[in-house]
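Reviewing the structure listed below.
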C-alpha cells in the first residue's frame, strides 16, 4: 500500500517549541549526496584511478504552501537566520527529520485563475538527523 503525505508537516523552532507552517502543499526531505575524492597517484601498479568518499552534502529542500500575508511575513522575517527545522513524515512511516538551516529562496508568483502559492527553499547546514 502506498504511503500518502497527508499527515506530513514542516515546523520551525521558536524558543524551545516548534511552530508548523500552515497550508503546506508539497514537501520533500533533503537530498543527500557524497562527493568523491580522487586518491590516484602514479605509484599505483594497476594504473587505475582510486577514489574515496568525501564530504556529505545535504541539498536544499523545496516547500510549497498556500499564500497568506502572515506566512509570507513570517518567512520573510526569517531570511538570513539559522533556524532549527523539523519535518514529520507521514503517519504510515512516522520518521522525524531535524536539521539547522536557512531560507535561501522565497518565490510568490501571482497568476490569474491559479491558487497563489509560496515556494520556499531551505538549505540545511551540518547534520540532518533522522529518528
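The values are calculated or read from the model by the stated rules, or taken from the named source; none is laboratory data. Since the structure is predicted, the reported quantities are computational estimates derived from the model, not experimental observations. All Cβ positions, glycine included, derive from the backbone under ideal geometry; neighbour counts span all protein chains shown.
A few comments on the model shown:
- Qualifying residue in the stretch 84-99 (condition: closer than 17 Å to residue 12 by Cβ, touching a residue at least 60 places away in the same chain (Cβ under 8 Å) and loosely packed, with under 15 Cβ neighbours inside 10 Å): yes
- Residue match in the stretch 94-105 (condition: outside any loop (DSSP other than H, G, I, E, B), touching a strand residue (DSSP E or B) at 6+ places or on another chain (Cβ under 7 Å) and farther than 18 Å from residue 127 by Cα): yes
- For the stretch 81-93, a tally of residues being modelled with pLDDT of 95 or more and assigned to a loop (DSSP other than H, G, I, E, B) returns 2.
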